[in-house]
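In what follows, a single structure is set out as structure tokens and then discussed.
Just so it is clear, none of the values below were taken in a lab; they were calculated from the coordinates. Computed from a prediction, not measured in an experiment: that's the story for all the values here. Don't worry about glycine lacking a Cβ; one is built from the backbone with ideal geometry, like all the others, and counts go over all protein chains shown.
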């Protein structure tokens, strides 16, 4: 097992290893006084791991309730959020009790936001069951729901009290879902770590699970420690996201987040190479690595549609959009771009 400690507004541990779900009850009990735990999960994950999570919490002396919603991004909305809050209230959870987010990024985002808001904040544990959630959304305290106007537009920065990443859960992922999560791992290599990038080139999807997840979590830990509230260096973690969210929204969220991020990284890198900002060899290596992992590198979406979605993205600041632009493997910059110029970047990236 590998443990990474995050020092932010709250200090907490991230445990990474096989079989960690079995320790959920004892780890939850160590957090302090609590008598009830509400497990939040979705219709895909609950049948796989809901019973085991409940049993471990019951064995540790918790009274357990659950809230299970239909799997998918479409459920990360205001109505589901309110239904979850009413579930917590109906089960009379107090400020000393716990919420356990058992699932992927949608579960973690929704459950974390509910934990931040219910009684003005209760403790919660992230138990990510997808690769994407393990290396990204479960770490760092970003919680949110989607609004009709865009993705993740209502939320809060609210750190978990513990993250338990059981790598055995990755075995039940459909191959396509596992590979989509690899887009975020490739992102970390492109942003910060040439050695990680080279390991992925060497091993492909057969990379060392615990070591690579642990390295990605360490990289995010370091960024969060410096910029918890996403006003500076943490913006780099949005590599591929501004254009990727545009593609994702244009598909009506039928396209997965990981696939959208892969397309967004490919687009911004092609545009950077076109402008002489990025080393062409680095661009070729990124595209080749994405393709090796079976990830998409292009879209048929019209530039105007992507441009409109990019301007509604929450990363816009006044009349500017902060683009994360690669220069080489492990070296990316934050580049403020006038909003009206983003369309040209999109055209160059397609």
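Start at zero, step by 10 Å, and the Cα-Cα distances of region 220-259 spread as 30, 36, 29, 5 percent across the bins. Judged by the mean number of other Cβ atoms found within 10 Å, the most tightly packed of the peptides 11-20, 136-145 leads the ranking 136-145, 11-20. Size of region 226-349 from its Cα atoms: along the principal axes, largest to smallest, the extents are 37, 33, 28 Å.
The mean of 1/r over all distinct Cα pairs in region 79-182, once inverted, gives the Kirkwood hydrodynamic radius of 14.0 Å.
Overall, the anisotropy analysis places region 200-273 in the oblate class: the square-rooted eigenvalues a ≥ b ≥ c of its C-alpha gyration tensor yield a/c not less than 1.5, with a/b not exceeding b/c.
For the chain, set up a GNM with springs between Cα atoms under 10 Å and report which of 128, 174, 336 has the largest fluctuation. Most flexible of the set in this elastic network: 174. Across q = 0.17, 0.25, 0.28, 0.32 Å⁻¹, region 16-55 modelled as identical point scatterers on its alpha-carbon atoms has Debye log10 I(q)/I(0) values of -0.52, -0.98, -1.09, -1.17, in the order of the q list.
Our estimate of slack between residue 274 and residue 231, defined as 0.36 nm per intervening residue step minus the Cα-Cα distance, is 12.7 nm. Quick one: grab the alpha carbon gyration tensor of region 2-172, order the square roots of its eigenvalues as a ≥ b ≥ c, and give me rounded if a/c is under 1.5, else prolate or oblate depending on whether a/b is larger than b/c. It is rounded, given that a/c, with a ≥ b ≥ c, falls under 1.5.
Alpha-carbon geometry of the chain: the Rg and the Dmax are 19.6, 61 Å, given in that order.
Label-to-label distance for residue 305 and residue 83 is 2.8 nm, based on points extended 7 Å past Cα in the beta-carbon direction. Between the Cα long axis of helix 194-203 and the first principal axis of the chain there is an angle of about 80°, rounded to the nearest 10. At an R0 of 35 angstrom, the distance between the Cβ atoms of residue 3 and residue 153 translates into a FRET efficiency of 0.55.
Antiparallel beta bridges, as assigned by DSSP with both residues in the chain, represent about 45 percent of the total such bridges.
For the chain, the longest principal axis of the C-alpha atoms and the axis of helix 78-90 are separated by about 20°.
Cβ neighbours within 10 Å, averaged per peptide: list 198-206, 96-104, 212-220 in order, most packed at the top.
On the way: 198-206: 13.7, 96-104: 26.7, 212-220: 22.3.
Result, highest mean Cβ count within 10 Å first: 96-104, 212-220, 198-206.
Over the chain, dividing the summed -39,500 (n - 2.57) contributions of all DSSP H runs of at least 4 residues by the number of residues returns a 222 nm mean residue ellipticity of -13000 deg cm²/dmol. Note on residue 208/residue 297: beta-carbon distance plugged into 1/(1 + (r/R0)^6) with R0 of 22 Å gives a FRET efficiency of 0.30.
Approximating the spin labels as points 7 Å out from Cα along Cα→Cβ, the residue 198-to-residue 74 distance works out to 4.6 nm. Once you order the gyration tensor axes a ≥ b ≥ c over the Cα atoms, which shape class does region 116-168 get: rounded for a/c under 1.5, otherwise prolate or oblate by comparing a/b with b/c? Oblate shape, in that a/c is at least 1.5 and b/c is the bigger or equal ratio.
Stretching the chain fully between residue 333 and residue 254 yields a gain of 25.4 nm (0.36 nm per residue, less the alpha carbon separation).
Which of the peptides 21-29, 275-283, 157-165 is most tightly packed, and how do the rest follow, judged by the mean count of other Cβ atoms within 10 Å per residue?
On the way: 21-29: 19.2, 275-283: 15.7, 157-165: 23.4.
Descending mean neighbour count gives 157-165, 21-29, 275-283.
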